[in-house]
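Read-outs throughout are calculated quantities, based only on the coordinates presented, and are distinct from any laboratory measurement. It should be emphasised that the depicted structure is a prediction, and the values quoted were computed from it without experimental measurement. Note: ideal-geometry Cβ built from the backbone for every residue, glycine included; neighbour counts use all protein chains shown.
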Amino acid sequence: TIDSNLAEGMTGRFKAGAGGGLKLLLDARFTAVNSTISGNSADFGEAFEMRLGASAAFYSSTIAFNSTGDDRAALLIYDGEVTLRHTIVANAGRCVGSVVSQGYNVLDPNFDCAVEGDTTGNQTDVDPQLLPLADNGGSTMTHAVSETSPALDMGDPAGCSGVDGQALATDQRGMPRPVGVCDIGAFERQ
């Protein structure tokens, strides 16, 4: 879990105050599986920033409640690539750029980045009904989903998968996954 980080100040070309939760530059590569990025902010820039050929991939992850102190996008993908599969993006603020979908994502109404690739099972413009970041078991904080969340049992019927289609047997907390059909996001409701 990457949570409650703040990037402060503004200096130079790459804005020291940007990338409160995650900032990737210069061909950096980042992969998250069963992970949560939540509650991060930036004073003068993006809470989540990708530039100059950087790439990130999120599998069965939850990206939520990240913000910015000015009118910039909370999520900025500029000259970089973000891949989403079985991932929730919620209350993320404005998004600039595009993402590559590998299917089965829940994207809230504020998610306005262009979505390319396989959109099978994607749910757009919906509230994933995340509960507050909390100790839901396991060694890290997670966002549980409500009993009526559109993320429940809406993953790929063939199973939860991560990098290179590798099957996922647990969620972020180490709890069994799937229970029925895979839930979307880092939390599998038991």
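Would you report the distance distribution of C-alpha pairs in the chain as whole percents per 5 angstrom bin, up to the bin with the largest distance?
Final binned percentages: 2, 9, 18, 22, 21, 15, 9, 3, 1, 0, 0.
Between Ala167 and Leu131, with labels modelled 7 Å along Cα→Cβ, what's the label distance in nm to one decimal, could you check?
2.9 nm
Between region 88-158 and region 168-190, what is the separation of their alpha carbon centroids in Å?
The distance from the Cα centre of region 88-158 to that of region 168-190 comes to 14 Å.
Which residues' amide hydrogens lie under 5 Å from the amide hydrogen of Ser35, considering only partners 5 or more residues apart or on another chain, with H built in the peptide plane?
Amide H to amide H, under 5 Å and 5 or more residues apart or across chains, Ser35 pairs with Ser61, Thr62.
Dividing the Cα radius of gyration by the Kirkwood radius, what Rg/Rh value follows for region 150-190? It would help to have the intermediate numbers written out before the result.
On the way: Rg = 9.0 Å, Rh = 9.9 Å.
Reported Rg/Rh (Cα atoms, Kirkwood Rh): 0.91.
Please list the non-local residues whose amide H lies under 5 Å from the amide H of Val82, H modeled 1.01 Å from N, same-chain partners needing a gap of 5 or more.
Those qualifying (amide H under 5 Å, at least 5 residues apart or on another chain) are Ala56, Val100.
Would you mind calculating the relative contact order of the chain from Cα pairs under 8 angstrom and at least 6 residues apart, reporting the percent as a whole number? Working shown, then result.
Details: 602 pairs, mean separation 30.4, N = 190.
Once divided by the residue count of the chain, the mean separation gives 16 percent.
Under 15 Å from the Cβ of His86, count the other residues' Cβ atoms, weight Lys and Arg +1, Asp and Glu -1, and hand me the total.
Details: positive: Arg85, Arg177, Arg189; negative: Asp118, Asp153, Asp156, Asp164, Asp171, Asp183, Glu188.
The answer is -4.
Residue farthest toward the positive end of the dipole of the chain, with Cβ of Lys/Arg at +1 and Asp/Glu at -1: which of Ala42, Pro109, Met175?
Ala42
Report the residues of region 142-168 in range of a label on Val100: point 7 Å along Cα→C-beta, backbone N strictly under 16 Å from it.
162-166
Express in nm, to one decimal, how much length is gained between Thr31 and Ala158 on full extension, taking 0.36 nm for each residue of separation and deducting their alpha carbon distance. Intermediate results must be reported in sequence, preceding the final value.
Numbers: separation 127, 0.36 × 127 = 45.72 nm, distance 2.19 nm.
Gain in length upon complete extension: 43.5 nm.
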